[in-house]
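The values are calculated or read from the model by the stated rules, or taken from the named source; none is laboratory data. Keep in mind that this is a model prediction, so the values were computed, not measured. Counting neighbours? That spans all protein chains shown, and the Cβs are built from the backbone with ideal geometry, glycine included.
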Amino acid sequence: MDKLLIEGGLPLLGEAAISGAKNAALPLLCAALLTREPLTLTHVPRLNDVDTMLGLLEQMGVRIFRETGSGGDTVTLDASGLDNPVAPYERVKTMRAAILVLGPLAARAGEAKVSLPGGCAIGARPVDQHIKGLAAMGAEISVLHGYILARAPRQKDGSVRLSGARLFTDMVTVTGTENLMMAACLAAGETVIENAAREPEVVDLADCLVKMGAQISGAGSDVIRIRGVASMHGTTHRIMPDRIETGTYLCAAAATGGSIHLTGASAGSLDAVIDKLTESGCKIAAEADSITLAAPQRLASVSLRTSPYPAFPTDMQAQFMAINAVAEGTAVIRETIFENRFMHAVELIRLGADIKIDGNTAVVRGVAKLDGATVMATDLRASAGLVIAGLVAEGETVIERIYHLDRGYEHLEQKLTALGARVRRLR
C-alpha cells in the first residue's frame, strides 16, 4: 500500500491549476443513464473514484470514450445499450457516491438493484432519504441481502414510469437531492424537493440536466421544482472547479507561510472558507477564475462550526484543524454534520498538536512547531489535513493509507512539488 513521505518546513510558492470537482463529476457521470444519446463531460478529474464510477457504468452496458488532455479528461458516455441496471457490492464498496445510480436507473430503466454503499468511515450517512423520496414517487422499494431494489410503477397509459411528488427530506442531503432530482427528470408530472441541498455541485448537475432537456428551477435554493419530460437528449458540459481542492491548497499555503496563485478556481463557492482564511491573517485576492493568497508570518487561530452550504463545509474541517494546530491562540471547532469526523485529531497529536476532543467539539491550542512522525489517514479529507500538517512539521512525516487521497485529489504530489514542497510517494 502506497505511503506519502513529506519533508516539511518549506513555504508553498508559485502557481497551481485546480482540477474539476470530484463531487460534481460523480453525479454528472450518472446523469448519462437518463438518455439514449451521448453525454460528453470535459474537465473530468483523474481520480480513483471517477475510475470506479466509470467501471460501474460500463458493466451496466454504458459505452465510455475517454480522451486525456492537459486540463482534465474528456469523457463521452453512451447509455443507449443500458442492459444491466445493477450496481454490485464489489463495485461500490469503496465509494458511497455509487448510490447516485439509483434514481437515474429507476427513472429510465424502470428498475434498479444497487448495493448499499461504502466510502469513508466518518459516521452514519444513511440512504433512507433516497429510499423515502423514490417511494413517494411511486417506486416499489425493498432492501434485501444488502441491496436496494427499486421498481417504477405502471402508469395509466401503460408506461413504466415514476410519478411526480412533493418530497421533504428530513435532513439536508447532497446525494439525496441529486438522486431525487435526476429521478424526477423523467417522472410523470411535477416534483418539488423541499429542504434541498444548496451546494454548487447540485447547481452544476442541474445546469447539465437542463442542457439535456430537463425542466428544473430553484437549484441553489432549498426548494427545487422539476417538471418531468418524456425523454432527454445528449449534450456537452464542463465540470465546475473543485472548491474543496481549492480550499485545501489555500490552507496548505497559509499554514506554511507561503504565497500561491490558483488558476481555474472559483471564489464564489468558497465564501465561508475565504472569510476564515482572511480572519487568520491571510491576504486574498480573487478574480473571475483565479485566487491569490499571501500568508502572514504566523496565522491567528480561527474558530468555526460546520454546517450545510453556504456555511462552512465539513469537507474543510480537517484542513483548518491542521492550520489551527500551528496558529497563534486557541480555536474551537464544532462538527455538526458527521459524528466520527475528528479521527484525524489523534494523528495530529502524534505530530505534536495540542487538541482536546469533547463530543462534537475540538479545542485546538496552537503550538510553535510540529514534529514529523508516521501517521495514518482515516478518510479523504483527514488525509488532506495530515498532508498540511506534514508540510509544516520539522523533519519527515510519513502518511499511510493514502489511497484516500487518490480518491479525491488529482496529481497531489506533482502539484505540491511544483509549489516547492518536498513530497514523494513510497510504493
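Structure above, values below:
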{"item": "Qualifying residue in the range 273-280 (condition: of a type outside the set (D, E, K, R), surrounded by fewer than 16 Cβ atoms within 10 Å (Cβ to Cβ) and touching a residue at least 12 places away in the same chain (Cβ under 8 Å))", "result": "no"}
{"item": "Residue within the range 289-300 that is farther than 26 Å from Ala21 by Cα, surrounded by fewer than 17 Cβ atoms within 10 Å (Cβ to Cβ) and in contact with a Phe, Trp or Tyr (Cβ under 6 Å, 6 or more places away or on another chain) present", "result": "no"}
{"item": "Any chance Ala285 is at negative phi, in a strand (DSSP E or B) and exposed (fewer than 15 other Cβ atoms within 10 Å of the Cβ)", "result": "yes"}
{"item": "Residues within the range 363-383 that are crowded, with 24+ Cβ neighbours inside 10 Å and either modelled with pLDDT of 95 or more or more than 18 Å from Phe320 (Cβ to Cβ) (or both), tallied", "result": "3"}
{"item": "Search result, residues across the range 400-427 that are among the aromatic types (Phe, Trp, Tyr) and either assigned to a loop (DSSP other than H, G, I, E, B) or buried (at least 21 other Cβ atoms within 10 Å of the Cβ) (or both)", "result": "Tyr409"}
{"item": "Wholly within the range 311-376, strands (runs of 3 or more DSSP E) carrying at least 2 residues that are β-branched (Val, Ile, Thr) and more than 25 Å from the chain's Cα centre (by Cα)", "result": "354-358, 361-365"}
{"item": "Any chance Val332 is touching a helix residue (DSSP H, G or I) at 6+ places or on another chain (Cβ under 7 Å) and either of a type in the set (A, V, I, L, M, F, W, C) or buried (at least 24 other Cβ atoms within 10 Å of the Cβ) (or both)", "result": "no"}
{"item": "Matching residues in the range 377-415 - criterion: being closer than 19 Å to Leu304 by Cα and within 16 Å of the chain's Cα centre (by Cα)", "result": "Arg381, Ala382, Ala384, Gly385"}
{"item": "Among (1) more than 15 Å from Arg243 (Cα to Cα); (2) crowded, with 23+ Cβ neighbours inside 10 Å; (3) hydrophobic (A, V, I, L, M, F, W, C), the one test that Phe320 misses", "result": "(1)"}
{"item": "Every residue from the range 390-399 that is in contact with a Leu (Cβ under 7 Å, 6 or more places away or on another chain) and either assigned to a loop (DSSP other than H, G, I, E, B) or closer than 10 Å to Ala318 by Cα (or both)", "result": "Ala393"}
{"item": "Elements of type strands (runs of 3 or more DSSP E) in the range 1-107, at least 2 residues being modelled with pLDDT of 95 or more, of a type outside the set (Gly, Ala, Ser) and buried (at least 18 other Cβ atoms within 10 Å of the Cβ)", "result": "3-7, 39-44, 73-78"}
{"item": "Filter pass, His233 being touching a residue at least 60 places away in the same chain (Cβ under 8 Å) and within 23 Å of Glu111 (Cβ to Cβ)", "result": "yes"}
{"item": "From the options Thr397, Thr306, residue that is touching a strand residue (DSSP E or B) at 6+ places or on another chain (Cβ under 6 Å) and surrounded by fewer than 22 Cβ atoms within 10 Å (Cβ to Cβ)", "result": "Thr306"}
{"item": "Scope the range 140-173; condition under 16 Å from Ile99 (Cα atoms), touching a Lys or Arg at 6+ places or on another chain (Cβ under 7 Å) and β-branched (Val, Ile, Thr); matching residues", "result": "none"}
{"item": "Criterion violated by Ile333 - all others in (1) farther than 25 Å from Asn195 by Cβ; (2) touching a Phe, Trp or Tyr at 6+ places or on another chain (Cβ under 6 Å) satisfied", "result": "(2)"}
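Yes/no per residue for (1) closer than 14 Å to Cys30 by Cα; (2) more than 19 Å from the chain's Cα centre (by Cα); (3) β-branched (Val, Ile, Thr):
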residue	(1), (2), (3)
Gln59	yes, yes, no
Phe65	no, yes, no
Asp73	no, no, no
Asp78	yes, yes, no
Leu82	yes, yes, no
